[in-house]
Amino acid sequence: ITGIEGFTARAIRRPGEEGYGNGHIEWHPAKDETGELEWKGETSSDEMTGHFYAYSYYYDLCADDEEKVGIAAACSKIIDHILSHDGYLCDVDGLPTTWANWNPDDINYNARLVWERGVNSLEFLSFLLTTYHVTGDEKYRAVYERFVTKHGYAFNCVQHKVNDCHVCHIDDQLGFLATVPLLRYEN
């Protein structure tokens, strides 16, 4: 719907919904068959974590063969987008969104992201392993291994929950949604 390969919308809205057509900078006309929908950019890691959690369970428990192909394609497009943008999810302006950041230099060395280091590392490893699971493509396993060993993401995961003044229930939810697929697919 966004017209950007591998970039999912944060939300959509239809004519008649509150705020539709108000010209807000993050809302964009959809590139769909009707042309009536609007989609919201500035997609965060929260949406990606929810998507990959849902993809993993639906793939394993419900999907028929055709749906499995679609899920594999969706996962690989998202991961390929992130990898081709140096670990960022990039919006219509080509710039990274505020919170969808898995870049190893930022994750490991940017003091502003110290509170996100563990949970974002956990998320990205989960995304990569889920994508490997649904596609069977060894390149995703290799990238996963590189982030575990070279970039220390497995070590970062040890402290994905940091009890400090930044503690928030969303970190617990993100941690859970990222941990479950990771534990299911890693031996």
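The residues neighbouring G16, those whose beta-carbon lies less than 13 Å from its own, together hold a net charge of -2 under the Lys/Arg +1, Asp/Glu -1 convention.
Sorting W99, W39 on solvent-accessible area from highest to lowest, probe radius 1.4 Å, gives W99, W39. Ellipsoid semi-axes for the stretch 7-73, based on the Cα gyration tensor and the rule √(5λ), read 28, 14, 10 Å when sorted largest first.
The C-alpha atoms of the chain define a longest principal axis, and helix 45-61 lies at about 80 degrees to it. Here the chain is assigned +1 on the Cβ of each Lys and Arg and -1 on the Cβ of each Asp and Glu. Its dipole about the Cα centre then comes out at about 540 debye. Of the options I1, Y55, W102, report the single residue whose Cα projects farthest towards the positive end of the charge dipole of the chain (beta-carbon charges: Lys, Arg +1; Asp, Glu -1). Ranked along the dipole, the leading option is W102.
Each of L183, T130, G19 was scored by the projection of its Cα onto the charge dipole of the chain, and the greatest displacement toward the positive side belongs to L183; charges sit on the C-beta of Lys, Arg, Asp and Glu.
At 20 °C and a viscosity of 1.002 mPa s, what translational diffusion coefficient does Stokes-Einstein give for the stretch 36-89, taking Rh as the Kirkwood radius over Cα pairs? Give it in µm²/s as a whole number.
Once the numbers are plugged in, D ends up at 173 µm²/s.
In the chain, the longest principal axis of the Cα atoms and the axis of helix 138-149 are about 60 degrees apart. Give me log10 I(q)/I(0) at q = 0.14 Å⁻¹ for the stretch 94-187, Debye formula, one equal scatterer per alpha-carbon, no solvent. Evaluating at q = 0.14 Å⁻¹ gives log10 I(q)/I(0) of -0.49. Other residues with beta-carbon under 14 Å from the beta-carbon of D106 carry, at +1 per Lys or Arg and -1 per Asp or Glu, a net charge of -2.
Give me the net charge for the shell around G6: Cβ to Cβ below 11 angstrom, other residues only, Lys and Arg +1, Asp and Glu -1. Each step should come with its number before you reach the end.
Numbers: positive: K77; negative: E5, D80.
Within the 11 Å Cβ shell, the charges total -1.
Ordered by 1.4 Å accessible area with all protein chains kept, Y185, Y57 run largest first as Y57, Y185.
What Kirkwood hydrodynamic radius, in Å, does the chain give when the mean of 1/r is taken over all pairs of distinct Cα atoms and then inverted?
One decimal place: 17.2 Å for the Kirkwood radius.
For the stretch 80-140, the square roots of the Cα gyration tensor eigenvalues, ordered a ≥ b ≥ c, give a/c of at least 1.5 with a/b no greater than b/c, which places it in the oblate category.
The values are calculated or read from the model by the stated rules, or taken from the named source; none is laboratory data. Small disclaimer: the values here were computed from a predicted structure and weren't measured. Glycine gets a Cβ as well: all are built from the backbone with ideal geometry, and neighbour counts include every protein chain shown. SASA here: full protein model, heavy atoms, side chains in, ligands and nucleic acids out. Shrake-Rupley method; radii C 1.70, N 1.55, O 1.52, S 1.80 Å.
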